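Below is one structure; the comments refer to it alone.
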Amino acid sequence: VFHHIHQHSNLHISSGGIFGCDFLLYDGKREDRHSFAGLRIYTCDKKKNESKFPVPSAYDLTGFVRTMNTARKLALIATVMKDEEEGGN
C-alpha cells in the first residue's frame, strides 16, 4: 500500500501512530500542509486459508473513526490480500 501510494499518486505519506492509524496522507509536502486523512491497513493471507476479508470489530472501527473525526481527518481503510504466488506481497 505504501509503495502504491508513493509511486502512483501525488500524496505524501508519514507515520500515523499518533492518531492510531498506519499512515497519514498529505496532499502536498508535509512542511506545507496538515494531513487530510488517516489510513489503516488490514490484511489476510491466502496461505493461512483466510479467504474472508479482514473485518475490524465495531469497537475498533468506531474508535478509529471517532479519533479521525475529532482530528478533522478522513478515516480510510485499505484491505490487502497477500497472494503466495506474488511472493507474499
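From the set of residues in region 1-59 that are at pLDDT below 90, touching a Cys at 6+ places or on another chain (Cβ under 9 Å) and not aromatic (Phe, Trp, Tyr), which is least open to solvent (accessible area, probe 1.4 Å)?
Looking at the filtered set, the residue picked out is Pro54.
Mind listing just one residue for me: the one in region 77-89 that is at pLDDT below 80 and open to solvent by 70 Å² or more (accessible area, probe 1.4 Å) and, of those, farthest from the chain's Cα centre (by Cα)? Please lay out each step first, then the result.
Taking region 77-89 as the starting set, the residues that turn out to be at pLDDT below 80 are 81-89.
Narrowing further to those that are open to solvent by 70 Å² or more (accessible area, probe 1.4 Å): 82, 84-86, 89.
Details: Lys82: 15, Glu84: 21, Glu85: 23, Glu86: 21, Asn89: 15 Å.
Once the filter is applied, the top-ranked residue is Glu85.
Condition first: in contact with a Cys (Cβ under 9 Å, 6 or more places away or on another chain), part of a helix (DSSP H, G or I) and either at pLDDT below 90 or not aromatic (Phe, Trp, Tyr) (or both). Can you find one or more residues in region 60-76 that meet it?
yes
The values are calculated or read from the model by the stated rules, or taken from the named source; none is laboratory data. All of these numbers come straight from a predicted model, not from anything done at the bench. Using ideal geometry, Cβ is built from the backbone for each residue, glycine included, and neighbour counts are taken over all protein chains shown. These area figures cover heavy atoms from the full protein model, side chains too; ligands, DNA and RNA do not enter into them. Shrake-Rupley method; radii C 1.70, N 1.55, O 1.52, S 1.80 Å.
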